[in-house]
Amino acid sequence: MIQSTDLQPILIVDDADASREALKKKFADRCYRVFTADSVARACEILETISIDLVVIDLKIPEAGGFDLIKHIRENYKTTMVIMLTGFPSIERAVQAMKNGAEEYLAKPVTDEELFTAVRKALARQHTLQAGRCQPNLSEMAAFGLIGKSREMQQVYHAISKAAATSATLLITGESGTGKELVARAIHYSSSRASAPFMPINCGGIPEALLESELFGYIKGAFTGATETRAGFFLTADGGTIFLDEISETSLAMQVKLLRILQNQEVFMIGCRRPQKVDIRVMAATNKELSSLMKQGAFREDLYFRINVIVIDLPPLRKREDDIFLLINHFARKFAREAGVPVPKFSDHVLHVLKTYHWPGNIRELENVIQRLVVMTDDEFIDVPDLPDVMRFSAPKNSGLDRTLVEVEAEYIENVLAQVNGNKSRAAQVLGIDRKTLREKLKRHNLGNQ
């Protein structure tokens with residue numbers, strides 16, 4: 001069975017190398033997972049990427065000081081605890097530290113007993129805060145296809161539980177392949193609308209000319225070929241949920257029509273002069289930065305604020321290291337069962353490669369890789385040579401600084417296409433671009449026969 005670490009993550013912030021390393025050793029010796037930073041800026045970077053339980057801060061930090069970091073933590077990370085250390089103690093500073101949100105204020109030199117007594121108290125308080133939050137049903141999340149016990153996924157499950165209790169408009173963000181539709185389904189089927197339809201729409205997969213009729217429907221005779229009245233997705237999903245995936249791919253004209261539905265809960269079928277009332281929850285998803293698209297004039301600001309009521313941001317797989325082995329086990333068992341073969345065993349080297357790979361296609365890419373290994377590997381024991389080429393080490397070829405950006409891009413696109421067996425839709429997802437952009441790049445690099 002594959003295990004993941006349960007060590008509590010601690011961040012030490014101190015600009016003095018000797019002091020920082022001494023604290024690091026003390027915490028590591030007591031089986032904490034230790035991260036270090038020599039500045040406030042570096043500490044903020046770590047906090048953005050890793051869920052930290054406790055931050056130990058030295059008051060005297062160059063540039064932005066320890067008090068600024070405490071304030072940043074308190075305003076951005078609810079359950080992260082803070083202990084402040086200082087070699088220049090004063091009552092005034094102690095009061096200020098506690099007001100800013102520090103759990104403990106310790107004067108140097110601090111004994112191990114003083115330090116770790118404060119640490120235990122702070123972590124006990126952190127545990128109480130987390131226990132008081134709504135705890136998700138993990139077996140229920142797994143039933144929706146959501147696999148993971150990492151802190152990042154615990155936060156997602158908590159958000160799902162909260163979102164399911166309301167009918168507010170929801171925006172799900174995250175890179176391609178992170179499971180945005182699975183989250184939308186989990187929210188719908190955990191809500192009071194569970195018995196009504198859940199209607200997923202890929203806005204980027206329907207031609208612009210057809211999108212309006214597909215979404216809103218039309219009446220007989222509305223246009224050439226409209227030989228019957230047909231309800232669109234919004235009317236079909238009445239009482240339930242409509243999930244607008246890749247909403248960033250819609251035109252500005254379509255965004256105006258979507259805004260009207262969100263404002264008035266009314267649908268105009270094509271060819272009909274009277275609107276029809278609908279009771280529907282709208283969820284939207286995107287793998288693009290809508291704020292950037294708004295600045296470019298490609299996404300309406302008023303629509304953005306309408307869909308940006310509740311936001312769930314899904315973490316990429318590379319930030320869920322603790323979940324990768326769980327997902328490997330899950331997919332290996334799933335595809336072995338489907339293929340009627342024994343569940344394969346993975347070498348330690350393979351597991352290391354899979355854990356450290358950057359996974360540009362996220363969970364979808366991992367799923368495809370495991371399916372390929374289960375189906376295509378003859379031996380029950382999977383080793384590094386069985387992995388796709390892109391994951392295996394190779395001696396340096398013509399990859400120095402003498403190569404142009406165009407050459408590097410062409411080679412990477414070619415490698416991705418080979419990895420997905422020429423499937424252009426899948427390649428576009430891995431590359432994080434749409435099919436139209438991929439077609440343009442294939443033509444530019446003369447890769448059209450791929």
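Each reported figure results from applying straightforward, stated rules to the coordinates on display, with no laboratory input. Just so it is clear, the structure is predicted and the values come from calculations on it, not from any experiment. Here Cβ is always computed from backbone atoms with ideal geometry, including for glycine, and neighbour counts include all displayed protein chains.
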Taking all pairs of different Cα atoms in segment 147-240, averaging 1/r and flipping that mean, what Kirkwood radius in angstroms comes out? 15.5
Using the crude model of +1 on Lys and Arg Cβ and -1 on Asp and Glu Cβ, and no other charge, please compute the dipole size for the chain relative to its Cα centre, in debye to 20. 1260
Ordered by fewest other Cβ atoms within 10 Å, a rough proxy for footprinting exposure, SER150, SER195 read SER195, SER150
With N residues in segment 246-286, what two-decimal value do you get for its Cα radius of gyration over 2.2 N^0.38 Å? 1.23
The size of the Cβ-based charge dipole (Lys, Arg +1; Asp, Glu -1) of segment 273-358 about the Cα centre, to the nearest 20 debye, is 460
Using the basic label-point model (7 angstrom from Cα toward the beta carbon), what is the THR117 to ALA339 distance in nanometres? 5.9
Which whole-number percent is the relative contact order of segment 318-444 (Cα, under 8 Å, 6+ apart)? 23
With each pseudo-label sitting 7 Å past Cα toward Cβ, what's the PHE305-SER251 distance in nm, one decimal? 2.6
What's the extension gain from ALA298 to LYS108 if we count 0.36 nm per residue and subtract their Cα-Cα distance? 62.9 nm
Assuming R0 = 35 Å, can you tell me the calculated FRET efficiency for the pair GLU380 and TYR189, based on Cβ-Cβ distance, to the nearest 0.05? 0.45
As I understand it, the dipole of segment 318-444 uses +1 on the Cβ of Lys and Arg and -1 on the Cβ of Asp and Glu, about the Cα centre. Which of GLY361, LEU326, LEU387 lies farthest toward its positive end? GLY361
Most to least packed among 52-60, 337-345, 420-428 [average Cβ atoms within 10 Å]: 52-60, 420-428, 337-345
Less than 15 Å Cβ to Cβ from LEU258, Lys/Arg counted +1 and Asp/Glu -1: what total charge do the surrounding residues give? -4
Segment VAL406-ASN264, extension gain: residue separation times 0.36 nm, minus the distance between their alpha carbons: 46.3 nm
Cut-off under 16 Å on the C-alpha distance; same-chain residues fewer than 8 positions from LYS345 excluded. Which lysines are left, in chain and number order? LYS334, LYS355
Under a point spin-label approximation (7 Å from Cα along Cα-to-Cβ), what is the GLU414-ALA231 distance to one decimal in nm? 5.3
For 199-205, 243-249, ranked highest to lowest by mean beta-carbon neighbours within 10 Å, the order is 243-249, 199-205
Interatomic Cα distance distribution for segment 138-313, bins of 10 angstrom, percent: 10, 37, 35, 15, 3, 0
Under 13 Å, Cβ to Cβ, from ASP29 - net charge with Lys/Arg +1 and Asp/Glu -1: +3
Quote to one decimal, in nm, the extra length available between THR169 and GLU21 on full extension: 0.36 nm per residue of separation minus the C-alpha distance between them. 48.5 nm
How large, in Å, is segment 318-444 by the Kirkwood hydrodynamic radius built from its alpha-carbon pairs? 16.0
Calculate I(q)/I(0) for the chain by the Debye formula, one identical point scatterer on each C-alpha and no solvent, and give its log10 at q = 0.06 Å⁻¹ to two decimals. -0.36
